[in-house]
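The values are calculated or read from the model by the stated rules, or taken from the named source; none is laboratory data. Remember, it's a predicted structure, so these values are computed and weren't measured experimentally. Glycine gets a Cβ as well: all are built from the backbone with ideal geometry, and neighbour counts include every protein chain shown. The accessibility values were calculated without ligands, DNA or RNA, using every heavy atom of the protein model including side chains. Shrake-Rupley method; radii C 1.70, N 1.55, O 1.52, S 1.80 Å.
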Amino acid sequence: MKYKNAYDLINKEYPISIRSKFPAMIERAYDAVAQIKESVEFLNWPLGDNLEGYLRNVAVGYQFKKMIENNQLPLKYRIALNKKKNYKYIEVLTDNAILTISQVQNKSSIPRYADYRTNHSLSNQLMFDIVDDLVEVKESPKYIILTYGGPNDELEFVRLGVPEPYVSGWILQIDLYQELCQIVSEEETSEEEKLVDLKQYLKNEVLKIDKV
C-alpha cells in the first residue's frame, strides 16, 4: 500500500464515511455512563467518580464491538492483552492498520505510556519512503490512535492521529468534529436503541446489576 502522507494513510484506512461515525459513538458512551451514574446509588457519590473513566472506556470499546458485529462499520476488531497480561483493550483493524482508543486530558495530549502503544508505534518509524512520487509504507500494519476527552468529564474533542515512533508526539491529528457529520441511514438502528443496549451491557455485564 502506498500513501502520499499521514493524512492519506488515515483517509485510506479509516475514510470519512467510517470515521465520521466515531464522535456519535463516543457521545453515546458518555451519555450511557452519565445516566447509569445518576441511577446507581453506589456510583452516585464522590468515590463513584473513580469508576467513571473505567466505565467510559468499556462503553466506547463496546460501541466499536457492536457496530462492527452489526456490519455498521466495515472493520474488524480483536481483544488484546498488555505485556503484563493484566489489562485488556480493543484493537480496531483494517488490513493495513491498527487503531487503539484512549481518553486523554486535552486535544493534543498523547496517551500515557503503555508497552503495546510503544510497540505498535514502531511500525510508523521511517514510515514514508519516497518512491516514484508516492510513499511506500513498510509491510507491518501502521498505527493510529483515536483520542477523546475534555474537562469536567465533558466530551469536547474526538481526534484521530498518527503517532510518532515511541508515541513521543503526533505526525498528524484530525479533529473529527470539524469534519462532515455522518448521514444516517433510515435502516440504521436508532440512537435511542443503541443507548439502551449500551446501558444494559454496562449494568448487566460490567457492573453485574440486573435492575437499576
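If you go through the range 79-129 and keep only what is in contact with a Gly (Cβ under 6 Å, 6 or more places away or on another chain) and not β-branched (Val, Ile, Thr), you end up with just Gln103.
I'd like to know if the range 63-72 contains one or more residues that are over 18 Å from Glu154 (Cβ atoms), free of Cβ contacts under 8 Å to residues at least 12 places away in the same chain and not small (Gly, Ala, Ser). Taking every residue of the range 63-72 in turn, at least one turns out to be over 18 Å from Glu154 (Cβ atoms), free of Cβ contacts under 8 Å to residues at least 12 places away in the same chain and not small (Gly, Ala, Ser). One residue stands out in the range 6-62 among those that are in a loop (DSSP other than H, G, I, E, B) and not polar (S, T, N, Q): the one that is nearest to Gln125 (Cα to Cα), namely Tyr14. When Asn119 is tested against (1) farther than 30 Å from Asn152 by Cβ; (2) at pLDDT below 90, just one condition goes unmet, and that condition is (2). With respect to the conditions (1) closer than 15 Å to Thr100 by Cβ; (2) open to solvent by 50 Å² or more (accessible area, probe 1.4 Å); (3) polar (S, T, N, Q), Gln63 lacks only one, and its number is (2).
Scanning the range 45-65 turns up no residue that is hydroxyl-bearing (Ser, Thr, Tyr) and more than 27 Å from Asn119 (Cβ to Cβ). Just so you know, in the range 127-150 the residues that are under 16 Å from Ile110 (Cα atoms) and not aromatic (Phe, Trp, Tyr) include one that is modelled with the lowest pLDDT, and it is Gly150. Entry remark, the range 80-119: residues being part of a loop (DSSP other than H, G, I, E, B), in contact (Cβ under 8 Å) with a residue 60 or more places away in the chain, open to solvent by less than 70 Å² (accessible area, probe 1.4 Å) and under 21 Å from Gly169 (Cα atoms) number 1 in total. Screening Ile68 on (1) over 23 Å from Asp175 (Cβ atoms); (2) in a loop (DSSP other than H, G, I, E, B) shows it passes everything except condition (2).
Yes or no: Glu38 closer than 27 Å to Glu179 by Cβ and open to solvent by 30 Å² or more (accessible area, probe 1.4 Å)? Here the answer is no, as Glu38 does not meet what is asked. The residue of the range 166-212 that is modelled with the highest pLDDT, among those that are within 19 Å of Ile18 (Cβ to Cβ), hydroxyl-bearing (Ser, Thr, Tyr) and not in a helix (DSSP H, G or I), is Thr189.
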